[in-house]
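Step one of this worksheet: look at the structure below.
The values are calculated or read from the model by the stated rules, or taken from the named source; none is laboratory data. These numbers were taken from a predicted model, which means no experiment stands behind them. Cβ coordinates were reconstructed from backbone atoms using ideal geometry, including for glycine residues, and neighbour counts include every protein chain displayed.
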Amino acid sequence: MSNLDYRVAHLREHLAGGPLAELGVQVAVHGESVLVTGTVPSAHCRDEVHRIVDETLSGLTVRCDLVVAEASSPDHAEELA
C-alpha cells in the first residue's frame, strides 16, 4: 500500500467513524490527486469535511465537490399539471 493509499484509507475511516459519521462522502484517487465528492446535510458539515481533508491530505492535490442537501421547507407551493 502506497503512502497516498494509506492516507486516503485513513481519511475514509475518519469520515465514516468520526463525529460526523459522514457516509455520503466518497474519496477517490486519480493518479497523484484525490477527488472528494458527495452530499452532506449542512454547510457546517461541509466545512468540517473540508477541514478534515485538509489536515489528513495536506500537501496533496485535492478537489472537493461537496453538495449541501437542502433540508428547508419550500417557499412556494408546487404546481402539478
Sort out which residues of region 52-68 are under 10 Å from the mean Cα position of the chain (by Cα) and not in a strand (DSSP E or B), and write them in order of number. Ile52, Val53
Limited to region 31-63, what total is found for residues that are of a type in the set (Gly, Ala, Ser), exposed (fewer than 13 other Cβ atoms within 10 Å of the Cβ) and within 20 Å of Ala21 (Cα to Cα)? 2
Report yes if some residue within region 67-74 is surrounded by 10 or more Cβ atoms within 10 Å (Cβ to Cβ) and not small (Gly, Ala, Ser); otherwise report no. yes
Restricting region 38-49 to residues that are small (Gly, Ala, Ser) and not in a helix (DSSP H, G or I), the one farthest from Glu70 (Cα to Cα) turns out to be Gly38
Which number in (1) of a type outside the set (Ser, Thr, Tyr); (2) exposed (fewer than 10 other Cβ atoms within 10 Å of the Cβ); (3) at negative phi; (4) outside any strand (DSSP E or B) marks the one condition that Asp5 misses? (2)
Count of residues meeting criterion [farther than 17 Å from Thr61 by Cα and within 12 Å of the chain's Cα centre (by Cα)] in region 14-43: 15
Working carefully through the options Leu11, Leu35, Leu20, Leu4, find the one that is over 21 Å from Glu70 (Cα atoms) and in contact with a Cys (Cβ under 9 Å, 6 or more places away or on another chain). Leu35
Could we say that Ala16 is in a helix (DSSP H, G or I) and modelled with pLDDT of 90 or more here? no
